[in-house]
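Structure first, commentary second.
The values are calculated or read from the model by the stated rules, or taken from the named source; none is laboratory data. Everything numeric here is computed off the predicted structure, so don't read it as measured data. Cβ placement follows ideal geometry from the backbone for every residue including glycine, while neighbour counts extend to all protein chains displayed. Side chains included, ligands, DNA and RNA excluded: accessible areas come from the protein's heavy atoms. Shrake-Rupley method; radii C 1.70, N 1.55, O 1.52, S 1.80 Å.
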Amino acid sequence: MTGRRLTPLLAYVTATATGASLLTGCGVLPGATGGSREPLTVMTWAPDRTKATNMPGMPAMAQTFARWVNARGGIDGHELRVLTCNERNTSEGAADCARRAIDEEAVAVVGSYSQHGRDFMGSLEAAGIPYIGGYGVTEDEFTSPLSYPVNGGQASLVAGHGMQLAGICDKVSLVRPDNVTGDKLPALLDSGLHRAKHGGAVDIPAAEDAAEYTRQAGRARSGAEGGDGCVTAVLGERTQTFFDSFRRLPEEEKRGKGGDGKGGGVRISSVLGSVDQPVIDRTGGAHSPFEGAFVTGWYPEATDRSWAPMREVIQEYAFVDNRVDPADTGVQTTWIAYTVLKEVVEALGRDRITPTEIAHALDRGERIDTGGLTPALRWKYADLLGASGFPRIVNHQVTFQVVRQGRLVAQRPGFVDVGETLLGVS
């Protein structure tokens, strides 16, 4: 990151605090505000330095948000204290983070990532701690009465991706994780494809932490060949590894890739979180293997002006922390989740905030305006989608994007509603 205002002493303190957090797995960001209102302790967790998907930008964005609001007097006078925890992509790690949140009397877990919902949600429910704006990767986030998702999760992305590809691809191959979460993806993708009377995708399970995917790449290419075919991979951080294997297939056996999603040959595609702007930048920008790829997201493209407030906060308060990339989907989700927390605490207007009060305010229908990053969010019973397996989805909008000249841009303007598609998933 560049262009940030940097005080040397503050940069040193920030780096020291961040280093301590990484060494211990969990950390706390001390605030600088005071007053009669009690501090507000929350937790953000995510995996870091693991062999599978890592989301270090999420706790880093949480700390940045805390620095920003505390510099302005806190949230409605409450100093915001952010605990962070490395979930380590394990069930034990997720359970440990939940126990830490309970022990530290956190009023909420905010803007976090974990594939192990079964291992943390029950503990949070028993303690009455709401889970606000999780990344949306597990079914538990959309079934627990104390979960308040800000997006439609991986379910809406994959169902929406089927809708995006249905009018472009005659054949589709899906490469997805060979685990419980991944087992649900073929039906979701097919639900979107079927909206356009498209046949189902070829399902190719793959290890999420593999070093190469030559065999799966070959199967995916074979399943997509003939007419306008598409290969889509949803492997989190290993998506880049898969498409590197795909790119390395023998030249004479490839069908090529185009730039606008309408040409012949085998095209590539994915969803945000598996492919995003930082990944495209790291793999060559306009010369990246993702050039021309179709991508389904939850939010507007990273250059949209609705992200301007977040960008200003990052520039002013993230300092030298390069984990906080405004184009990273985890960072964006965390910003929205903390926006929810801020608005609900301000609406309560009390000297002491409890987990129960936050949950009750959201259940009663507190309406959250995210400045155009999502539709207005509200978790009153009547607002819940009620889809099988995902009843607590309230935001069932996605965006269709495409990689052009190394940048993720809108393939079509505005949001696309995938609610009816999700309701049709069996």
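I want to verify a result. In a Gaussian network model of the chain, Cα cutoff 10 Å, which of these has the top mean-square fluctuation: THR354, THR296, THR329?
Of THR354, THR296, THR329, the most mobile in the Gaussian network model is THR354.
Taking square-rooted eigenvalues a ≥ b ≥ c of the alpha carbon gyration tensor, is the stretch 106-182 rounded, prolate or oblate, where a/c under 1.5 means rounded and, failing that, a/b exceeding b/c means prolate?
Working: a/c = 3.72, a/b = 2.32, b/c = 1.61.
Note, shape of the stretch 106-182 comes out prolate.
Pull up the cross-link candidates among the aspartates and glutamates for LYS51, meaning alpha carbon to alpha carbon under 12 Å and not fewer than 8 places away within one chain.
Answer for LYS51, where 12 Å is the Cα cut-off: GLU208, ASP209, GLU237, listed by chain and number.
Exactly which trypsin sites (Lys or Arg not before Pro) in the stretch 60-124 are in a DSSP loop and have at most 12 other Cβ atoms within 10 Å?
Sites meeting the loop and neighbour criteria: ARG72.
Could you tell me which of rounded, prolate or oblate describes the stretch 201-358, using a ≥ b ≥ c as the square roots of the eigenvalues of the alpha-carbon gyration tensor, with rounded for a/c under 1.5 and, failing that, prolate when a/b is larger than b/c and oblate otherwise?
Since a/c reaches 1.5 and a/b is larger than b/c, the shape of the stretch 201-358 is classed as prolate.
Between helix 8-24 and the chain, what is the angle of the helix's C-alpha long axis to the longest principal axis, kept within 0 to 90° and rounded to the nearest 10?
Between helix and principal axis, roughly 70 degrees.
How far is helix 57-71 tilted off the main Cα axis of the chain, in degrees rounded to 10, range 0 to 90?
30 degrees
Toward the positive end of the charge dipole of the stretch 292-360, about the Cα centre and with charges on Cβ (Lys, Arg +1; Asp, Glu -1), which of GLN332, VAL295, VAL344 goes farthest?
VAL344
For a protection proxy built on the mean count of beta-carbon atoms within 10 angstrom, sort 142-150, 405-413 highest first, please.
Values: 142-150: 22.3, 405-413: 15.0.
Per-residue Cβ counts within 10 Å, averaged per peptide and sorted highest first, yield 142-150, 405-413.
Considering only protein heavy atoms and a 1.4 Å probe, what is the carbon-and-sulfur percentage of the accessible area of the chain? Write down the numbers at each step before the final one.
On the way: 8130 of 16860 Å².
Solvent-exposed carbon and sulfur of the chain make up 48 percent of the total.
Gaussian network model of the chain, Cα springs within a sub-10 Å range: biggest mean-square fluctuation belongs to which of ALA159, ALA387, ALA126?
Judging by the Gaussian network model, the answer is ALA126.
Probe of 1.4 angstrom, ligands and nucleic acids ignored: what's the accessible area per residue over the stretch 275-426, in square angstrom?
Result: 41 Å² of accessible area for each residue.
What does DSSP give for the chain in terms of the percent of beta bridges that are antiparallel, rounded to the nearest 5?
Within the chain, antiparallel bridges account for around 35 percent of the total.
Assuming R0 = 25 Å, what is the FRET efficiency of ARG305 and GLU212, from their Cβ-Cβ distance, to the nearest 0.05?
0.05
What FRET efficiency comes out for ASP363 versus ASP281 if R0 is 35 angstrom and r is the Cβ-Cβ distance? Round to the nearest 0.05.
0.30
What trypsin sites (Lys or Arg not before Pro) does the stretch 139-213 have in DSSP loop regions with at most 10 other beta carbons within 10 Å?
LYS197
Skip the ligands, DNA and RNA, and give the accessible area per residue of the stretch 103-243 with a 1.4 Å probe, whole Å². Let's see the in-between values first.
Values: 4530 Å² over 141 residues.
The answer is 32 Å² per residue.
Pairing the Cα long axis of helix 185-194 with the longest principal axis of the chain, what angle in degrees results, from 0 to 90 and rounded to the nearest 10?
Helix 185-194 and the main axis of the chain meet at about 60 degrees.
Highest mean first, how do 310-318, 367-375, 186-194 rank when packing is the count of other Cβ atoms within 10 Å averaged over residues?
Descending packing order for the listed peptides: 186-194, 310-318, 367-375.
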